[in-house]
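Notes to accompany the following structure.
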Amino acid sequence: MPIVTEASEVEEGTSDELLVWILAWSELAAFGALLIAFVVVSWLHPGDVAAGRARLHLILPTVNTAVLLVSGWFAAIAATQVTAFRQRLALCAAAAGGLLFVALKLYEYGAEGASLLSDDAFSTLYILMTGFHLAHVLFGSLVLALLVRFPDPQNIHLMTTLWHVIDIVWLVMFPIVYLI
């Protein structure tokens, strides 16, 4: 009988790992499509993109990049902790970093006058890409906060892995949108 239990635990762990990879690759594919669209628009309408980038602030997204990386670091710490207290503390810090990212991004949108109602392709793609990412950060932060209350090693592993995917997306998006 224990052999069956172990086999079912292995199968369950395998399906959890599969879920993580499916979610991660679907996220990368969705953001990849948006980034490709942004690059194509940059080639087709370089003047509009240059004008759009001129309206962007560079300091806030740079600070936000650091905030997201520190938050990811805390998520990695949470996934490796053996005591519940330290794990919960790291999850709190990771969630707080995500929420700080959200607050700074919303402030940035206001400072830039960013709107989905803009009539140029740069502004529309900028809001779609960064807003889609912002929604992921907000949702991920709330899930991390929920895990503080209900920590489960498999769920923590799943969420911290996805949190790192969200970080990777931003690390690719940041230079493409703001710097190049």
Report task. Measure nothing but the geometry: give the 0 to 90° angle between the long axis through the Cα atoms of 121-149 and the longest principal axis through the Cα atoms of the chain, rounded to 10°. Result -> 20 degrees
Requested in this report: Using the charge dipole of the range 75-180 (Lys, Arg: +1 at Cβ; Asp, Glu: -1 at Cβ; taken about the Cα centre), state which of 130, 171, 90 has its Cα farthest towards the positive end.
Outcome: 90
Report task. Would you compute, for the Cα atoms of the chain, the largest minus smallest coordinate along each principal axis and list the three values in descending order, in whole Å? Result -> 68, 29, 24
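Using a 1.4 Å probe, what is the accessible area per residue for the chain, in Å²?
55 Å²
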Report summary line: In order over the range 67-81: 3J(HN,Hα) from phi, Karplus 6.51/-1.76/1.60, θ = phi - 60°, whole Hz, x for each Gly or Pro, gives 4, 5, 5, 5, 4, x, 5, 5, 4, 5, 5, 4, 5, 10, 6
Report task. Name the most mobile residue of 82, 102, 169, meaning the one with the largest mean-square fluctuation, in a Gaussian network model of the chain with Cα contacts below 10 Å. Result -> 82
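Taking all protein chains as present, what is the carbon and sulfur share of the accessible area of the range 21-103, in % to the nearest whole number, probe 1.4 Å?
Answer for the range 21-103 is 78 percent, counting heavy atoms of protein chains only.
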Requested in this report: Take each of the peptides 55-65, 130-140, average the number of other beta-carbon atoms within 10 Å over its residues, and list them starting from the highest.
Outcome: 130-140, 55-65
**Report entry** Helical contribution to [θ] at 222 nm, DSSP H n ≥ 4, -39,500 (n - 2.57), averaged over the chain, rounded to 500
**Finding:** -30500 deg cm²/dmol
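The values are calculated or read from the model by the stated rules, or taken from the named source; none is laboratory data. What you are looking at is a predicted structure, and each value in this text was computed from that prediction instead of being measured. Neighbour counts run over all protein chains shown; Cβ positions are idealised from the backbone, glycine included. With ligands, DNA and RNA removed, areas are computed over all heavy atoms of the protein, side chains included. Shrake-Rupley method; radii C 1.70, N 1.55, O 1.52, S 1.80 Å.
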